[in-house]
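Below: one structure, written as structure tokens.
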Amino acid sequence: MKELLKYLWKWKFKIFLGVLALLIVDLSQLFVPLVIRSAIDKLIEEVMNLKILFIHFLIIIFLALLTAFFRYFWRYFIMGSAREIEKEIREKLYKHLLSLDFYFYQRKKVGDIMAHSTNDLEAIRMSLGMGIVGAADFLIMFFFSLFFMLKISPSLTLYVLIPLPILSIIMLFFGSKIHNLFRKVQEGFSYLSEIAQEAFSGIKVIKAFVKEKEEEKIFYKGNELFFKRNMNLAYLWGAFMPLITLISGISLVLLIFIGGKKVILNEISLGSFVAFVSYIEFMIWPMMAIGWVTNIFQRGAASMDRINDLLREKPIIKNVQNPIKIKKLKGEIEVKNLTFYYPDNEKPILKKISFKINKGEKIGILGKIGSGKTTLVNLFLRIIEPPENTIFIDGIDIRKYNLEDLRKEIFLLPQEAIIFSGKIRENIAFTNPCAKEDEIIRAAIFAEIYDEINLFPDKFDTIVGERGITLSGGQKQRIALSRAFLINPSIFILDDALSQVDSETEEKIIKNLKEYLRDKTGIIISYRTSVLKNLDRIIVLVDGEIEDIGNHEELIKKDGFYKKVYEIQSALIEITK
């Protein structure tokens, strides 16, 4: 709740105006029973005439118009402020999520993050919008109704307020339980979102292996858990509201019995009794609303607590104090005695790796699956953090460089081509949104995708769908590759990024890359020796260790892993001829 109050304080002026408007609305409603009391008493006393009746009528119409007019303003100021706070928290959360590193996303599921961005933010908005309205309404209606009731009959007021202390006891009992149960409900929604997200992302695989029934069972279990947690909250809430209503009913019963007696004994007028009934009804809503408001605030507090758990996460990978700014890297890379472990993994993925890549040199990396190739290049960009004094670029430990500058100077095209929903043009221009039309076309030509784009009905304006679902694997890889040609990095890394491209197209791309990489340091990870054979040197990784380094001619003369791969691929080429 403290966190929620901080946001409320920031928008205090608007909220104050909203509460002021709400005060006018409530007071306008609270004066209506006094007008009705006056009218009834005048009718009984037989002093009522059409003129006086018409004046009472006009007063009620005026109060109704006043209520309608200021109701708009409390909604504008209070609900508008709640929307502004929701927007601010959403932007803060998104910015923070972008700052977190690989290690966070390795252990946190996407569905859980999405639940924070939807359900939790909605609960916070409700608590800061309708929650404040309900709380203010309670205070205004309760205390002003109490004031008018005391003016009418202090003794009758005391009788009808007897049940209220019980309300405080109920509030204390139910408040924390609602908070805890709602947190569990939100966690259940996160789990359910993650199941659905994974299923929809992998829909092709699910259908290819006819796994729809299995996925239905997994979703059923998650949905059942979510349902049970919601029902537990509903059972508690279901008990809570009738108790509040019961207390309200007791007050009304006491009023009818004791108040009716006072009317008979002429201790209060009939008009005062009718007004008193109206004020009790005005008080019944606050008494019921306090439960509703408590529920809303507890939900908002639980959701704010969950969002704060995310906001408290700190990136492991960050800049050192006074990092070195980069204008332009030369592109010389040196790895010294690098041994790397993933967190909670006792076995190292890379063991005592040492090599040097000269400025402008083109290096290949070949190795078995799981030999650490991708890990190695991710360390160059500090996507995962290397040990201190193990990786140097231009003679300086990469941990000392400004992180943003370092990543701008190194282009990495990963194994999985990431394509965003939207137009092909936007996907190509992802690395340079200001790129001109001729630059985008040139990039597509270099990536050997231009002719295929022109076959689409809308050409570069074709919508590719989420994750590029309308594109083939090879088309995705080439669109992702075309992004490189719109920037000018010092170091260029391809991580098996042409694996789904046919051999003929691959040769054309490699030829284009030679021209593009003329003055750049290049690292190409591939399992195809045809891609690696014309590079300056090739690093062979086996089980996280360097087995050998040399050019194609040198490596095929040795009886090592590279030679075995080369011979197998050569034999396959012969068979397919």
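The values are calculated or read from the model by the stated rules, or taken from the named source; none is laboratory data. None of these values were measured; they are calculated from a predicted model. Reconstructed Cβ throughout: ideal geometry from the backbone, glycine too, with neighbour counts over all protein chains shown. Just so you know, the surface numbers come from the protein's heavy atoms only, side chains and all, with ligands and any DNA or RNA stripped out. Shrake-Rupley method; radii C 1.70, N 1.55, O 1.52, S 1.80 Å.
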Problem set entry | Debye log10 I(q)/I(0) at q = 0.24, 0.32 Å⁻¹ for the range 363-414, Cα point scatterers | -1.00, -1.37
For this session: Lys and Arg at +1, Asp and Glu at -1: add these up for the other residues within a Cβ distance under 11 Å of Tyr401 and post the number.
Result: +1
Problem set entry | Calculated on alpha-carbon atoms, Rg and Dmax of the chain in Å | 35.6, 122
For this session: Quick one: accessible surface of Ser28, probe radius 1.4 Å, all protein chains present, in square angstrom to the nearest 10.
Result: 0
For this session: Can you spot the lysines whose alpha carbon is less than 21 Å from Lys318's alpha carbon? Ignore those fewer than 8 places along the same chain.
Result: Lys92, Lys95, Lys108, Lys327, Lys328, Lys400, Lys408
Exercise. How far, in nm, would the chain grow between Trp9 and Arg83 when pulled straight, counting 0.36 nm per residue and subtracting the alpha carbon separation?
Worked result: 25.2 nm
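Based on the alpha-carbon set only, what is the convex hull volume of the range 427-577 divided per residue, in Å³?
On the way: hull volume 21.7 nm³, N = 151.
Measuring per residue, one finds 144 Å³ for the Cα hull of the range 427-577.
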For this session: May I ask you to give the average projected area over all directions of the convex hull of the Cα atoms of the range 460-540, in nm² rounded to one decimal?
Result: 6.1
Exercise. Tell me, what is a quarter of the convex hull surface for the C-alpha atoms of the range 1-97, in nm² with one decimal?
Worked result: 7.9
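Let me know the Kirkwood hydrodynamic radius for the range 335-435, please, with Cα pairs as the basis and the value in Å to one decimal.
Working: mean 1/r = 0.0638 Å⁻¹.
Over the range 335-435, the inverse of the mean reciprocal pair distance is 15.7 Å.
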Problem set entry | Calculated Rg and Dmax of the range 416-511 using C-alpha coordinates, Å | 12.3, 37
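Helix hunt in the chain: which complete DSSP H runs extend at least 15 Å axially by C-alpha with mean Kyte-Doolittle at least -0.5?
Answer set is 12-44, 50-74, 130-152, 164-201, 212-254, 270-311, 561-576.
If you place +1 on the Cβ of every Lys and Arg, -1 on the Cβ of every Asp and Glu, and leave all else neutral, what size is the dipole of the chain about its Cα centre, to the nearest 20 Debye? Provide the component values of the computation, followed by the final result.
Numbers: 78 positive and 68 negative charges, 211 e Å.
Using Cβ point charges on Lys, Arg, Asp and Glu, the chain gives about 1020 debye.
Summarise the accessible area of the chain (1.4 Å probe, protein heavy atoms) by the percent that is carbon and sulfur.
Values: 18790 of 30790 Å².
That share works out to 61 percent.
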Problem set entry | Net charge of Cβ neighbours under 11 Å - reference Trp237; Lys, Arg +1; Asp, Glu -1 | +2
Exercise. Full extension from Ala68 to Lys508: what is 0.36 nm times the residue separation minus their Cα-Cα distance, to one decimal in nm?
Worked result: 151.2 nm
Exercise. Put a dot 7 Å past each Cα toward the Cβ at Leu17 and Asn551; how far apart are the dots in nm?
Worked result: 7.5
Exercise. What nm distance separates the two modelled labels at Glu346 and Glu45, each placed 7 Å from Cα along Cα→Cβ?
Worked result: 9.4
Problem set entry | Reach of Lys557 by Cα under 17 Å, taken over lysines that are not fewer than 8 positions away in the same chain | Lys533
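Based solely on its DSSP helices, what 222 nm [θ] is calculated for the chain when runs of n ≥ 4 H residues each add -39,500 (n - 2.57) and the sum is averaged over all residues, nearest 500 deg cm²/dmol?
Numbers: 24 runs with 354 residues, N = 577.
Value at 222 nm, helices only: -20000 deg cm²/dmol.
Counting every Cα pair in the range 73-167, what percent are over 19 Å apart?
62
Of all DSSP beta bridges located in the chain, what percent are antiparallel, nearest 5?
DSSP beta bridges in the chain are roughly 45 percent antiparallel.
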Exercise. If each of Ile59 and His96 carries a label point 7 Å out from its Cα toward its Cβ, how far apart are those two points in nm?
Worked result: 5.4
For this session: For Lys213, list the lysines whose Cα falls under 18 Å from its own Cα; do not include residues on the same chain fewer than 8 positions away.
Result: Lys204, Lys221
For this session: Kindly report the accessible area of the range 340-430 per residue (heavy atoms of protein chains, probe 1.4 Å, no ligands, DNA or RNA), in Å².
Result: 45
Exercise. Short version: ³J(HN,Hα) in whole Hz for each residue of the range 382-393, in order, from phi by Karplus 6.51 cos²θ - 1.76 cosθ + 1.60 (θ = phi - 60°), x for Gly and Pro, what are they?
Worked result: 6, 5, 10, 7, x, x, 4, 6, 10, 10, 10, 10
